[in-house]
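Where a number appears in this text, it was derived from the coordinates with a stated rule and is not lab data. Being a predicted model, the structure only gives us computed values, none of them experimental. Glycine gets a Cβ as well: all are built from the backbone with ideal geometry, and neighbour counts include every protein chain shown.
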Amino acid sequence: MPKMKTRKCISKRVKRTGTGKFKYYKAGRRHLMTGKGGKRKRHLRRDGILQASEMKRIAKALPYG
């Protein structure tokens, strides 16, 4: 049986936490921050946790990690 290939596009965007969830960097934080409100910027600071409905699909794309 050959080794399974990892989807590199997903592995660069998502990291697995110690409890098995996936966390990702939120979009909209790179530039043009002066036009965004304080509440929005605060929420963008934290990493996002992937929805449970997406977990199975992402786990299949990352067979070794």
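Candidates are the residues of region 37-52 that are of a type outside the set (Lys, Arg) and under 18 Å from Tyr25 (Cα atoms); the one that is farthest from the chain's Cα centre (by Cα) is His43.
Taken together, Met4, Met33 contain a single residue that is surrounded by fewer than 12 Cβ atoms within 10 Å (Cβ to Cβ), of a type in the set (A, V, I, L, M, F, W, C) and touching a residue at least 60 places away in the same chain (Cβ under 8 Å), which is Met4. Residues in region 13-33 that are within 17 Å of Lys60 (Cα to Cα), basic (Lys, Arg) and under 9 Å from the mean Cα position of the chain (by Cα): Arg13, Lys15, Arg16, Lys23.
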